[in-house]
Structure formats: structure tokens, C-alpha cells
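Reviewing the structure listed below.
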Amino acid sequence: MKLSDIQNGTYNPQEWADKGYQLPKFDMKAVRQKTHDEPTWLHFGAGNIFRAFPAAVLQNVLDTGSYDRGVIVAEGFDFEIIDKAYRPYGDMSLLVVLKSDGSIEKKVVASVTESLKADPQFGEDWARLEEIFQKPSLQMVSFTITEKGYSVAPADLERGLTPALIMGKVTALLYKRYQAGALPLTLQSMDNCSHNGDKMKDAVMAYANAWAKAGLVDEGFLAYLADEGKVTFPWSMIDKITPRPDSSVEAILREDGLEDLDPVVTPKNTYVAPFVNAEESEYLVIEDKFPNGRPALENVGVIFTDRDTVNNVERMKVCTCLNPLHTALAIYGCLLGFTKISEEMKDPALLALVKGIGYQEGLPVVVNPGVLNPREFIDTVVKTRIPNPFMPDTPQRIATDTSQKLSIRFGETIKAYMESEKLSASDLTLIPLVFAGWLRYLMAVDDAGSPFTLSADPMLPEVTPYVTGFTLGQPPAAQKAMEKLRPLLENKTVFGVDLIQCGLAELVVNYFLEELPGPGAVRATLEKYTRC
């Protein structure tokens, strides 16, 4: 059994079905031809999240027979993804959905009809991209390139119409579309970052303005990009956990008789394979601004709405219903010796901690976006998503860049309490416990007294000196500890608020000191204040 056999038509459908695989229900050859001639959707970023979510969603539409075109994917950073994970398999992939009840769902995804390398050095591919951008049928160009993909380097701006960075390449392709008649188009970020459409627009406009100033493009191009009747950059919120290809999933597929499954780690450290594994829960909420139309993805679960609603959904997720719970588990998971987030949810104290942060401290100030219910969202996170044993996520990975996360994941809730007429920041007890846990984490010694390596974080050189001198078994007096920690506790960049000013600093310091007497103190403190 090989994926390439399906593309070639040399496979036995019954054999695949008997082993539990969902096969495409549409005419793949006809869809490929129609997409080639009249493409509507191009996507940049050929990684796992694209194949597990947007491509799979489009497959669901194609399977209904209500749509006749697939999606073309382009990769602008790691070109080996195309060579190793797409073209050898006819651009198809296997999606393995790992459910919390222990069952799995296996699906052959064939909605991707072409894979291209987005760089002029690949002449034929680049010519095809220029051709696609000049097609009147093109409605949407979407992106999963990570937040770093929207960066703009001064040196790249000076390269003119042959930039090296992906946003520059996209802007050059947009100029081709402008020259073809100022055709309408939507550039849709699907990356997990706040106000992602604005980040994309800012990057595109930086290139366009630099080129206009240098006389490389005409002023009409700037007007074209600024006209929402022509070009739009909608916001979106995306949420689906898609870990790197897992060896346990590979073993399941091999036992079914599948061949040519070897995962690859590219020289750019991208983990790819002909299969992707992902959780069952998924959310995609998009601002509905499409001047040239769009595929009817709302029929398969994608939510299209207004900008304010997208913003409220994002804040609900990032500030209350998911991200703060993950960060709390990451910090205490590292201290308590856990290596899987799912295992932490079996710990009564940690379960009580995340429930308390979400339901008791977060929900009272969350803005209900209307299209998703915050309580139901947390229910799914706590009961289904985080406990999923198939999701091989680790507290050590999630603890990466914690100093960059605390302000948005917890600081916004504290601000809401400070601004409330009925609530006070002094009502909070568990969010301060997370802050105390982070200070204890910065000591790089776990609750058993063993040293561990802190996860990567750009602010470690700045914040770790504040806990230098604190040792297990010898907690200082509270006043002395406060004097040493005060500059950090006042840092609004880290916490989002001045903890001294909002009255939480003393509580944070007291919690921290309770976690210092010796091995087991972190556990004891956690159980004391979660009442476990």
C-alpha cells in the first residue's frame, strides 16, 4: 500500500477501506485539471498544520461534491519539504487524527493539487506562481508561515524586486497581479499570532513603499494595496495542535501495510513525513472580507464573522481558555518532573490549578465572542484536549519563551480585574501562584532538588539574576526577598502589569518563599493553595 498508488490509480480501494482509511470521494483528476486552469486558492507554508487543517477542511468540501477546485501549496522557506513530503506522494498525505478516547481516524488527503517552491531560483515553479497570481479566478492566498515569516529586514528591502524573504516575494507577486489589471484578492493569514492580518499588511506595505520610493513600482500599486475593494488582509484565529510526525503513529501505519513512510528532518530542522498526526479539536475563525469571493468553507466548520468577533475569540483563547492553562502546566510540569502535558492532567493539584485559573479566575472577565462559548471551550480543553494521551506535547516545549507569554496570558486578566467595578485584583490567588512558580522555575532546580535546563527564552539573561542567591532550604525573610525581586515584579513587559502597583507582589513573593524550604516544597505549596 502506497500513497502514490492512489494517485496513479493502481490501488485496491477495498483494501484501504478495510483497514479504516477514508479515501477521497471526488474525481481527483478533474479537480487537478480545474485547479490548474482556474485556481481559486493558493497557500504559502507547506508544513504540518496546513496539511492537517486547511487542506483537510477543503477535502471535506470536495467530498460533498459542492466544489470543484483544490488548493495549490507553495513553500518559501524550507524547499526540501516539497521534495521529501509532497512530490514523491503525488502531493497527497495521510492525516491521522488522535482522539482522546484512544481511537484514531485515518484519512487520505488529496485536496492539494500542486506543490511549488516559492523562489526565483526555481525558474519553472516561480513562473507558475506568477501565472497563478495573474489569474482572475484567484480568490485567496493564505499563509501558515509562523509569526517570524512576516518579518522585514532592511537589507531585504534594498534588494528591490528580487527579495529573499517570503513577504518580499509575495509583494513582488502581488505587483504582477496589479499589472494584470489590479485584480481583487484576499491575503489570509492563518498563523497563530495576534491581529495576524495586520502583521501581513504591514510587511507587504513596507516592501511596496520602499520600492515605490526607489521608483521600482508605480504609485498606483500602493493605492491598489490600500483599497479594500481590491486587496484585503483579514484577521483570523486558528487553533489545532499538530505535533511533529510521531513514531507511534508511524508504527500504526506500517502495521496496516503502508510503505514509504520514513519521516525526514531537513537541514533546516523541519520534521516532515507523508503523514501528519493531529488532535481532533480544531477552530478557525476568519474575518469575512473577500473582494473576489471564497470557497464555502463555512459548510465544514470554518466560522466567518466580523473583525471584532475574531478579536474576542482570540482573546478568549489566549487570555483565558487555553494558553494560560498550558503555561501554568508548563511551569509546574518542569518543576515536578513531568515530561508529558497529558500526564499532568492526572495530577489532582495540577488539574485543580488549571480549572481554577480557567473557570474561577478567567471566566468572570472574559468577553463572550458569541460564535464560541467560553465555558464550553474550556470544557473541551480540560476534558478532551490537554488530557489526550496521543498528543506527545511536553511542558519543556511549552515553557519556551515564557517571559514573552505571561503578559498576554495572565496580565490581561489582571487588568480586567483592576478595571472592574465588582472585582479586584486581590481576588486572584492562582494566577499569582503561577507567577511564583515561574520565579521558582528560573532557579533551574526541580522540586526533587535536581538541576534541569531551562527552556529557551530570550529574556533569561535579564530575569534569572533576580533569583540568583535564593537556595533551597534557606528561604530569606519576606522583606529581603521583596527588595531583591522588586525590579522584576514591577516589570510590565514581563507581567503585563506592575505587580507592586496592583497589590499582587506580596502574595507572589510569599508563595515563592513557601516553595523554597527544600525538596517537596513546590508540591506542598501547590496542594495547599489548590486545596488538594
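The values are calculated or read from the model by the stated rules, or taken from the named source; none is laboratory data. Remember, it's a predicted structure, so these values are computed and weren't measured experimentally. All Cβ positions, glycine included, derive from the backbone under ideal geometry; neighbour counts span all protein chains shown. All accessible areas refer to the heavy atoms of the entire protein, side chains included, with ligands and DNA or RNA removed. Shrake-Rupley method; radii C 1.70, N 1.55, O 1.52, S 1.80 Å.
Between ALA524 and ALA164, the modelled labels are 5.6 nm apart [label points 7 Å from Cα along Cα→Cβ]. Once the Cα atoms are used to define both axes, helix 123-133 deviates from the longest principal axis of the chain by about 90 degrees. Along the axis of the charge dipole computed for the range 30-123 (Cβ charges of +1 for Lys and Arg, -1 for Asp and Glu, origin at the Cα centre), the listed residues LEU116, SER103, ILE82 are led at the positive end by SER103. The range 298-312 and the range 453-486 have Cα centres spaced 43 Å apart.
The simple spin-label model puts a point 7 Å past each Cα toward its Cβ; for GLU228 and LEU454 those points are separated by 4.3 nm.
An oblate overall shape is assigned to the range 349-505, the ratio a/c of its alpha-carbon gyration tensor axes (a ≥ b ≥ c) being 1.5 or greater and a/b not exceeding b/c.
Note that the range 482-491 has calculated 3J(HN,Hα) couplings of 4, 4, 6, 8, 3, x, 6, 5, 7, 6 Hz, one per residue in order, obtained from phi through the Karplus relation 6.51 cos²θ - 1.76 cosθ + 1.60 (θ = phi - 60°); glycine and proline are x. Relative contact order, whole percent, for the range 299-441 stands at 36, derived from Cα pairs under 8 Å and 6 or more residues apart. If you average the sequence gap of Cα pairs under 8 Å that are 6 or more apart and divide by the length of the chain, what percent do you get for the contact order? With pairs under 8 Å counted, the relative contact order is 12 percent. Taking 0.36 nm per residue of separation and subtracting the Cα-Cα distance, full extension of the segment from ARG375 to GLU483 would add 34.9 nm. Database remark: amide H of PHE44 closer than 5 angstrom to the amide H of ALA74, SER142, PHE143, THR144 (H placed geometrically; neighbours at sequence offset of 5 or more, or on other chains; Pro and chain starts carry no H). When the surface is traced with a 1.4 Å probe over the full set of protein chains, LYS106 keeps roughly 20 Å² accessible.
Checking the Cα-Cα distances for LYS2/LYS107; LYS148/LYS176; LYS19/LYS107; LYS99/LYS340 against a 18 Å cut-off, the pairs over it are LYS148/LYS176. The accessible area of LEU454, taken with all protein chains in place and a 1.4 Å probe, comes to roughly 40 Å². Computed from backbone phi with θ = phi - 60° and the Karplus coefficients 6.51, -1.76 and 1.60, the 3J(HN,Hα) list for the range 504-517 is 9, 4, 4, 5, 4, 5, 4, 4, 4, 5, 5, 8, 9, x Hz; x is used for glycine and proline. Expressed per residue, the C-alpha convex hull volume of the chain stands at 157 Å³. So which lysines can LYS346 reach, going by Cα to Cα under 16 Å and dropping same-chain residues fewer than 8 places off? LYS346 reaches LYS355, LYS383. Taking Lys and Arg as +1 and Asp and Glu as -1, the other residues whose beta-carbon sits under 14 Å from that of PHE338 total -2.
Inter-part distance, the range 12-90 to the range 131-162, computed on C-alpha centroids, equals 22 Å. Rounded to 0.05, the FRET efficiency of the SER151 and ILE408 pair, given R0 = 22 Å and the Cβ-Cβ distance, is 0.65. Only protein heavy atoms count here; on that basis, with a 1.4 Å probe, PHE470 has an accessible area of about 20 Å².
Could you point to the residue in TRP235, TYR271, ILE286 farthest towards the positive end of the range 220-290's charge dipole, with +1 and -1 charges on the Cβ of Lys/Arg and Asp/Glu respectively? Highest projection toward the positive end goes to TRP235. Ordered by solvent-accessible area of protein heavy atoms (1.4 Å probe), largest first, the residues HIS43, HIS36 come out as HIS36, HIS43.
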